[in-house]
Amino acid sequence: METVSFGQTGLKVSKLCFGTMTLGSSEWKPWALDEAESRPILKRALDLGFTFFDMADWYSAGIGERIVTTALTSMVPRDRLVLTTKAYYATSDDPNAQGLSRKHLLSSIDASLSRMGTDYVDIFMVHAFDPDTPIEETMEALHDIVKSGKARYLGASTMFAWQFARMNHVARENGWTPFVNMQCQYNLLYRENEREMLPYCGDQGIAVSCFSPLARGWLAGSKGTRSQTDWMFGNNYGDALDREICAMVKSIAAEHGTTMAEVALAWVIAKKAICCPIIGADSPSQVETNVKALDLELEAEEIETLDSLYRPRDVINDHVPDPMPRHLGGVLTD
Amino acid sequence: MEIIKFGRTGLKVSKLCFGTMTIGSSEWKPWVLDAAAAKPLLKRCLDLGITFFDTANWYSTGESERVVASTLASMVPRDRLVLATKAYYPMSDDPNDQGLSRKHLLSSVEASLRRMGTDYVDLFVMHAFDPYTPIEETMEALHDIVKSGKACYLGASTMFAWQFERMNHVARQNGWTSFVNMQCQYNLLYREEEREMLPYCRDQGIAVTCFSPLARGWLSGSKKIRSQTDASFSLFHGDALDREICAAVETIAAERGATTAEVALAWVYSRKTICCPIIGASSVRQIEDNIRALDLELTADEIGLLDQLYRPRDVINDHVPEPMPRYLQRQTCKES
């Protein structure tokens, strides 16, 4: 797999990042895989050239970090890997065990490193924006984490562009470490980050990694366990225009003799604003399918057709608890 | 009319700002009023307590600044007024006579002051973001304009939130004057600024002024000359949901015995994120209607009803030359 420069940093990463939300413990979510099933998937990812693995303290309540890192470092030296983890979501009912306070960030990175059995993460990410903590407090704590060697770089995920820009500016105004990475949702059914976030990151040379390239399975025509049990599947996607876009993906896939998932991924991979798409997988064969999409080059006309269908929709983040379907020609469709 | 504090500044302004794009020269656009026709409007504004007037170098290619400022100054001392003007759009075919370059901004503010017959504007507003000029160049030039006394405060209009945030950040990083005002489009049919711009401005204490409270006449059921001849009328508004929202406004107006314009304005007036709505008018009567809407207090239920209809739509700015309706009837592709 191709290795790319991570934005304007000196860090090199595999073109695809492997997202590990599905690996950890089935006790956490019914669709999460336990250790024994996770290992062959991670092995296949390494064999196919993945070096970039994305985790979070929240995934399987910490078990994800432990299982993924242990499996990976048993197969390849730690320094060959680019590992990320995240903090923000509540890890217990302690009011200080969540958010982006100095207290939580400093404990959180130590807890992550101890579960992962490593001295450092390559990218330490804030999972979301914390409106209840001063930005100065967060950015200084993150800077201290970088200076202590516990994280090489900083990243952020899922927030409004003005919040992300503010955080970077507070860091820069104080001589602290700014973010080099934004991880956001981006796929054929959700392109709201094209409005503000991607232009901002492009202007600032910030590497964009994106999750949900298949819109939680909608773009793969998925009927798996997660689709049936995960509220996000039905809640965020599925209005009449989403279905229209899926139908177009299906028809392009048929012309190429390939799967919908490959076409949807190839579309994301083709976007210059995206540095690294993050893919997930339930099985070694899904890892292969994802990687195969790197070789599928869509024609300009196909990309144009897919591009032209999208219309604006509600933002998806924690501050929009109930994203609604688009308004389609006079009636709200669900 | 109520006088309010302009965001985090010490400046006090009337609750409503009078927008003067309709005043200047009918040679510029058919719906623009000439000096003689404009004077009674400006007089009525002053009589009703408006102290805050917004113009731009681009309106009637300078004529708006001249007519508005000289007419106002003939009726009330200059210092009693809060005058805003703008720069960015081309004033001639000279490639340096547009944008936010140092060269253009310094000439532009001087030309505006000359036309307005005043030593200073209260608010000098960037009409849009200039992707071809370094932000550092723009912000330093604006700072120099403030330091020279030609403008008291700086504002910006119609740009993406990240661009506005960048500009303020560059100013602050260099010890230059930052913006205290964002002027953007906001009405019942166009609420895209609720996503990024309004939360940013609230966080930073930046005063928001908003134009087109009636969505270029759509929300007042207008069939006037401008509606028929101005391309922006049909270009920006009028899809199925816009019409649905207009119908809800009509229903509430009928129940309240008010006009649709009053209801649409009252909705904007009720928004805490908006410091000063900018109203426009082509007659004295319209000014009175606009101001009367300040007394129309919508109930929480009415506001809730109007609020919940809106769905996201294309951004309107120069970088989105053809905003499309929310949903287009396309060639149907087969359902899987």
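Whole-Hz Karplus values for the stretch B:212-221 come out as 6, x, 9, 6, 6, x, 4, 7, 10, x Hz, taken residue by residue from phi with 6.51 cos²θ - 1.76 cosθ + 1.60 and θ = phi - 60°; glycine and proline positions read x. In degrees, nearest 10, range 0 to 90: what is the angle between the Cα axis of helix A:240-256 and the longest Cα principal axis of chain A? It works out to around 80 degrees.
Amide H contacts of B:A156 (H built 1.01 Å from N, in plane; Pro and chain starts excluded): B:M126, B:N181, B:M182, B:Q183 sit under 5 Å, all sequence-distant by 5 or more or on other chains. For the stretch A:3-316, the antiparallel share of DSSP beta bridges with both residues in that region comes to about 15%. Modelled label positions at B:E2 and B:E244, each set 7 Å beyond Cα in the direction of Cβ, lie 3.2 nm from each other. With a Förster radius of 35 Å applied to the C-beta separation of B:D119 and B:E255, the computed FRET efficiency comes to 0.10. The HN-Hα couplings worked out from phi for the stretch B:109-124 by the Karplus form 6.51 cos²θ - 1.76 cosθ + 1.60 (θ = phi - 60°) are 5, 5, 5, 5, 4, 4, 5, 7, x, 9, 7, 8, 9, 6, 9, 10 Hz, whole numbers, x standing for Gly and Pro. Amide H contacts under 5 Å for A:L154: A:F124, A:V180, restricted to partners 5 or more places along the chain or on a different chain, H placed in the peptide plane at 1.01 Å from N. A Förster radius of 51 Å combined with the Cβ-Cβ distance from B:A37 to B:N174 puts the calculated FRET efficiency at roughly 0.65. Label-to-label distance, B:D144 versus A:D203, with points set 7 angstrom from Cα along the beta-carbon direction: 2.3 nm.
Per-residue mean of foreign Cβ neighbours for B:155-167 is 4 (Cβ atoms of other chains, 10 Å radius). Given their separation in residues at 0.36 nm each and the Cα-Cα distance between them, A:E137 and A:D110 gain 7.9 nm when the chain is fully extended. Lys-Lys pairs in chain B that are eight or more residues apart or on separate chains and whose Cα atoms lie under 18 Å of each other come to 12. Put simply, when B:83-90, B:190-197 are sorted by average Cβ atoms within 10 angstrom per residue, most first, you get B:83-90, B:190-197. Against chain A, whose longest principal axis is taken from its Cα atoms, helix A:161-173 shows a tilt of about 30°. With R₀ set to 22 Å, the beta-carbon distance separating B:Y89 from B:E194 gives a calculated FRET efficiency near 0.25. Partner shielding of A:304-312 amounts to 3, given as the average count of beta-carbon atoms from other chains within 10 Å of each residue beta-carbon.
For the protein assembly as shown, the Cβ-based charge dipole about the Cα centre amounts to some 980 debye (Lys, Arg positive; Asp, Glu negative; other atoms uncharged). Each Lys and Arg adds +1 at its Cβ and each Asp and Glu adds -1 at its Cβ; summed about the Cα centre, the stretch B:153-295 shows a dipole of about 280 debye.
For A:K29, a cut-off of 25 angstrom between C-alpha atoms picks up these lysines, skipping any fewer than 8 places away in its own chain: A:K43, A:K86, A:K223.
Every read-out reported here was derived from the displayed coordinates using simple, explicitly stated rules and does not represent laboratory data. Fair warning: this is a prediction, and the values are worked out from it, not measured in the lab. We place every Cβ from the backbone using ideal geometry, glycine too, and count neighbours over all the protein chains shown.
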